[in-house]
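Participant: The structure follows.
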Amino acid sequence: MAASVEEFLEVLQHETRVDVARLQELASHGIRQEVRWQVWKYLLGVGLPDPEADAAQRKHHHTQYVAYSKDNSAVSKSVKRILQNDTKHRLAEKPLACRIVERIM
């Protein structure tokens, strides 16, 4: 039987360190929808177990993304234009996909 959301949150919201081994144990029986993205972040090694280091890494990645976006604005505009022209007719019957693409552009 899958662990409860509360059990996952207890591990995820620990003050000093996320116990990845405990998350693996809990996840071996299934992961509740409400916490799935948070759990997978640690199981895949994207999130760091130390909350301070994880926050610093997220900030660093955000800074890199902003710099990349500024450095590649011409490329981004071209890609967006191509996507916009190419996907409008393909996604006409898929409203959720349309909203996602529009949000990106």
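The values are calculated or read from the model by the stated rules, or taken from the named source; none is laboratory data. Remember, it's a predicted structure, so these values are computed and weren't measured experimentally. When we count neighbours, we look across all protein chains shown, and the Cβ atoms used for this are built from the backbone with ideal geometry, even at glycine. Only protein heavy atoms, including side chains, enter the accessible area calculation; ligands, DNA and RNA are left aside. Shrake-Rupley method; radii C 1.70, N 1.55, O 1.52, S 1.80 Å.
Participant: For region 25-76, give me the residue count where each residue is under 20 Å from LEU9 (Cα atoms) and either open to solvent by less than 100 Å² (accessible area, probe 1.4 Å) or touching a residue at least 24 places away in the same chain (Cβ under 8 Å) (or both).
Facilitator: Residues in region 25-76 being under 20 Å from LEU9 (Cα atoms) and either open to solvent by less than 100 Å² (accessible area, probe 1.4 Å) or touching a residue at least 24 places away in the same chain (Cβ under 8 Å) (or both): 25 in total.
Participant: Restricted to region 1-13, and to residues that are touching a residue at least 24 places away in the same chain (Cβ under 8 Å) and in a loop (DSSP other than H, G, I, E, B), which residue is least open to solvent (accessible area, probe 1.4 Å)?
Facilitator: So the residue we want is ALA3.
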